[in-house]
Amino acid sequence: MAGTFTVQQNLELLGRYRYVEVQFLELMGNWAHTMVDAEIKIGFGRHMFQDSVHADLLGKRIPELKGRSQHFHLIPPSDEFVKLLEKIWKEPDELLRMVGLYHVLKPEIVRAYRRHINHLELPADEPTGYILELIADEERDHIEWGEKAISRLLSGTQRDNEVDAWEQTLSKELQDSGGIWGEGKRPGTYSFTKTHPYSKVPARDSRWNIMQNPSEFTEKNWSFDTNEGKLHLLHDLLNSEFITVERMGLIISDFPDIPWQMKLDMARQAWDEARHAEIVQRRLEELGGHVGMFPTSCFGWEQDVNRPDPLERLALSNMTFESESCKHLRDWIAKAKKTGDTRSLQLVEFLLADEVNHVLYGVHWIDELTKDDPERRKRVLAYPDQVLGDQHPVGVYFKETKNA
């Protein structure tokens, strides 16, 4: 394209960018629980949130340019491009997935943003330029992080030729698809659904000892006022933080038609929990612990991520598990103050601040989406009782705080 863009040309391209950013968000959300590498899970949590912000910024600019029709908010660049996304999504190999996302798709969107910036009508379209500069810079950070992750996955594998061939194949298909601008192509009408098979436990690396049966676990009697108690509690919490990154990702990918603000909230929670995993692991290691030092449970995972109603998932995990977590974090804070553990105190207070918001996400969206459907509300709020019965098998009692 020569010259500077008109309002209409802007709208057609911004809708394509927003579509692709949403696809990135859903790809990572769908993949996270199957990725073995823990650093990738954390990176996905961060990138899911940032890509949701990118889509949100684009979505706010579109109506400012008179793009009030829903058509402009999600424009698939071409059928061929969507089929390329589907091919990358279907790839089961962790390394090849990362190459598809961070060597092919994300570099393409940065190129599209940079080209667009060069065609801006300034100062008339300075708001678009401001947004695209911010997003392009952040996407470049994603690519840099992805390159490090890919190098780590490649190290010692002798898969360089396989990776190069895969990348070349995808790059050729990307070019043939017209790229994100959809050059020479009509906007796509093809679509696909990012499903996942029934899941019993999320993927973990070899350091973890995940109990396959909740009956293996004995009642907790650890306390945050001893070093041994802190190690047990932090280690158990670390796995829970990874679980919540993964389950938020699945809500985003399993239910693409949930309200946009709900999707933003789920992406924000994924980021929060990714940061929590980093925080908790750091403190665990500062206290002399390490990942995998104790067996741990993924109780509740199977009952959460396979439910067909996202609100049942929120009732179980946000309004019940996260509510109980808040109770325990308050206890940890009190004991850290009592024992003079200022380092743990500082970190746990940040955790609690986030977890309170996560409970409120569950409360808000269940209230909002069932206000005209009392039968659904009754079913949703009854679901935690169906799962938990009288006692949580990892030793946390819920009667006092359930749905608080």
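When the listed pairs Lys263/Lys378; Lys87/Lys263; Lys83/Lys185; Lys90/Lys194 are checked against a 19 Å cut-off, the alpha-carbon distance exceeds it for Lys263/Lys378; Lys87/Lys263. How far is helix 126-154 tilted, in degrees, relative to the longest principal axis of the Cα atoms in the chain, given as a value from 0 to 90 rounded to the nearest 10? Roughly 60 degrees between the two axes. Our coupling estimate for the stretch 195-200, obtained by passing each phi through the Karplus curve with A = 6.51, B = -1.76, C = 1.60 and θ = phi - 60°, is 8, 8, x, 3, 10, 8 Hz, Gly and Pro reported as x. Placing one equal scatterer on every Cα of the stretch 7-176 and applying the Debye formula, the log10 ratio I(q)/I(0) at q = 0.08 Å⁻¹ is -0.25.
Listed values (1) 230, 37, 27; (2) 69, 57, 40; (3) 91, 49, 40 include one computed from this model; for Cα extents along the principal axes in Å that value carries the label (2). When peptides 18-25, 324-331, 73-80, 169-176 are sorted by average Cβ neighbour count within 10 Å, with the highest value leading, the order is 18-25, 73-80, 324-331, 169-176. The dipole here belongs to the stretch 248-404: it is taken about the Cα centre, uses +1 on the Cβ of Lys and Arg and -1 on the Cβ of Asp and Glu, and is about 460 debye.
Relative protection proxy for 293-299, 201-207, from highest mean packing down: 293-299, 201-207 (other beta-carbon atoms within 10 angstrom).
Using per-residue counts of other Cβ atoms within 10 Å, averaged over each peptide, order 302-311, 280-289, 49-58 from highest down.
Output ranking for 302-311, 280-289, 49-58: 49-58, 302-311, 280-289.
Which value, in debye to the nearest 20, gives the size of the charge dipole of the chain about its Cα centre, when Lys and Arg are +1 and Asp and Glu are -1 at the Cβ? Spell out each step's value before the answer.
Values: 50 positive and 67 negative charges, 75 e Å.
In debye, rounded to 20, the chain gives about 360.
Applied to the stretch 338-355, the Karplus parametrisation 6.51 cos²θ - 1.76 cosθ + 1.60 on θ = phi - 60° returns per-residue 3J(HN,Hα) values of 5, 9, x, 7, 5, 5, 4, 4, 4, 6, 5, 4, 5, 4, 4, 4, 5, 5 Hz, with x for Gly and Pro. State whether the stretch 144-186 is rounded, prolate or oblate according to the following rule on the C-alpha gyration tensor (a ≥ b ≥ c being the square roots of its eigenvalues): a/c under 1.5 gives rounded; otherwise a/b larger than b/c gives prolate, and the remaining case gives oblate. Oblate, because a/c is 1.5 or more while a/b does not exceed b/c. Positive end of the dipole of the chain (Cβ unit charges, origin at the Cα centre): among Leu85, Ser344, Leu154, the Cα lying farthest that way belongs to Ser344. Reducing the stretch 351-378 and the stretch 137-214 to their Cα centroids gives an inter-centroid distance of 32 Å. The 3J(HN,Hα) values that the Karplus relation (6.51, -1.76, 1.60; θ = phi - 60°) gives for the stretch 281-297 are, in residue order, 5, 4, 5, 4, 6, 4, 8, x, x, 7, 4, x, 6, 9, x, 9, 10 Hz. Gly and Pro appear as x. Where only DSSP H runs of four or more residues are counted, the chain gives -21500 deg cm²/dmol as its mean residue ellipticity at 222 nm, each run worth -39500 (n - 2.57).
Note on the chain: dipole from Cβ charges, positive end direction compared against Phe242, Trp166, Pro310; the farthest Cα belongs to Pro310.
Each reported figure results from applying straightforward, stated rules to the coordinates on display, with no laboratory input. Computed from a prediction, not measured in an experiment: that's the story for all the values here. In this analysis, Cβ positions are derived from the backbone assuming ideal geometry, glycine residues included, and neighbour counts consider all displayed protein chains.
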